1. Of (1) more than 14 Å from chain A (Cβ to nearest Cβ); (2) closer than 21 Å to B:Lys143 by Cα; (3) touching a Phe, Trp or Tyr at 6+ places or on another chain (Cβ under 8 Å), B:Ser72 satisfies all except one. Which?
2. Just name the residue that is farthest from the other protein chains (Cβ to nearest Cβ) out of those in segment A:123-141 that are of a type in the set (A, V, I, L, M, F, W, C) and without any contact (Cβ under 8 Å) to a residue 40 or more places away in the chain.
3. Could you tell me whether any residue of segment A:165-184 is closer than 15 Å to A:Leu113 by Cα, at pLDDT below 95 and more than 14 Å from chain B (Cβ to nearest Cβ)?
4. From A:Leu148, A:Leu120, grab the single residue that is in a helix (DSSP H, G or I), more than 14 Å from every other protein chain (Cβ to nearest Cβ), hydrophobic (A, V, I, L, M, F, W, C) and farther than 24 Å from A:Asn88 by Cα.
5. Name the residue, out of A:Glu132, A:Glu116, that is modelled with pLDDT under 95, in contact with a helix residue (DSSP H, G or I) (Cβ under 7 Å, 6 or more places away or on another chain) and not polar (S, T, N, Q).
6. Please go through segment B:86-117 and pick out each residue that is in contact with a Cys (Cβ under 7 Å, 6 or more places away or on another chain) and over 13 Å from A:His106 (Cα atoms).
7. Tell me, yes or no, whether segment B:81-102 has at least one residue that is out of contact with any Lys or Arg (no Cβ under 6 Å at 6 or more places or on another chain), closer than 19 Å to B:Cys127 by Cα and modelled with pLDDT under 95.
8. Anything in segment A:84-104 that is surrounded by 17 or more Cβ atoms within 10 Å (Cβ to Cβ), at pLDDT 95 or above and assigned to a loop (DSSP other than H, G, I, E, B)? List them, or say none.
Amino acid sequence: MNNMHTSPPVNNDLNRLFLGAVCDRESDDARLQTAPTENKHITDLVDESENNRVRNYMKKAMQFLILISTITATSALLASGGIDGGGNAMSPVTNEKWKVECSGCHMLYHPGLLPERSWLKMMNGLDKHFGENASLDVATRTEITNFLVANSAGKSTNRRSSRIDQSIPNNVTPLRITETRYFTSKHDEVSPTTFKRKSIGSAANCIACHKGAEKGDFSESQIRIPR
Amino acid sequence: MRKNIMLLGLLSSLLSSALFSVNVLAATPQELLKQYEAQAKQENPSFAGFSADRGGVFFKTEHTHSTGQQVSCATCHTTDPRKQGKSRANKVIEPMAIIANPQRFTDTAKVEKWFSRNCKDVLERSCTAQEKGDYIQYLISLK
């Protein structure tokens, strides 16, 4: 960069005097643009402005390229589930029967939110499902149970599911995700009155604040608590 | 030109197969009423038809559940079946009235599944064919 300078060293020193220490840390281009021009010859100025134009153009192009590649890399990283190990995002698993039958009365809960033993207990008590009758025919129930078990918290590689699983003592089989230590520790700053808001309903209605909840996306950046 | 004709043929065959598959699965509320009528006659030899008025009363009548709660169909579906309801878990329930939701009562298995669940939830027993028919008649009658 320095060898492209057309102004003599004296000018550089003068510039330094005018612009002070702050400019020392900035790029040469910035200094040239803001530097007083009284001490420069006309020919120098013409050459310099031409050089500057080319250089600025190249710099902008580079910045643009860097910006684009950063965005691409970041989104690829996010899509792959993050920097650490298996990532936080739950795997995008799906089953048609699960989707239809388990979202008739409530939001669709991802299988990675509870361990196998919880899903088994839940699917064996559908006639008294949180106080309501949610019975299914045997074939449908079996298919959904198998799907839930295969993708349950203990069997998922993503970090969130593993942590949920680890937060539950072995001798406990929770049916409510909200009763797991993982949930309570993650929501300790949300007051009970917030959960009771009409726009939310209860702590079980994840999707009110986590719009990606049904896809197993509970990332911090996606949270929006409605009024 | 030939390409166009082929495309047209493909499109029409796709369309007809789509229509056909819908027809196979679908029932109409009237067809369902016929089925419940046959059942009702078996349950009660003096069956004298379905009544929309009786269905409306059935829909709104509150029962004291064994948990102590006062419940009716309208608890979740609201007293106007032309409007959206809300489940206890905060999920929107699409309107029940045919005029507001033509998808209702077009799938026999679905209808039976929900009668079986909701009758037990509200009445703590199964519904009779008479009650089911009256209720469907009521939902058809709403304009």
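The values are calculated or read from the model by the stated rules, or taken from the named source; none is laboratory data. Everything numeric here is computed off the predicted structure, so don't read it as measured data. Here the Cβ is made from the backbone with ideal geometry for all residues, glycine too, and neighbour counts use every protein chain on show.
1. Looking at each condition in turn, B:Ser72 falls short on (2).
2. Per the criteria, the residue is A:Met123.
3. no
4. A:Leu120
5. A:Glu132
6. Of everything in segment B:86-117, just one residue is in contact with a Cys (Cβ under 7 Å, 6 or more places away or on another chain) and over 13 Å from A:His106 (Cα atoms), namely B:Phe115.
7. No, segment B:81-102 has no match at all.
8. Correct list: A:Asn95, A:Cys102.
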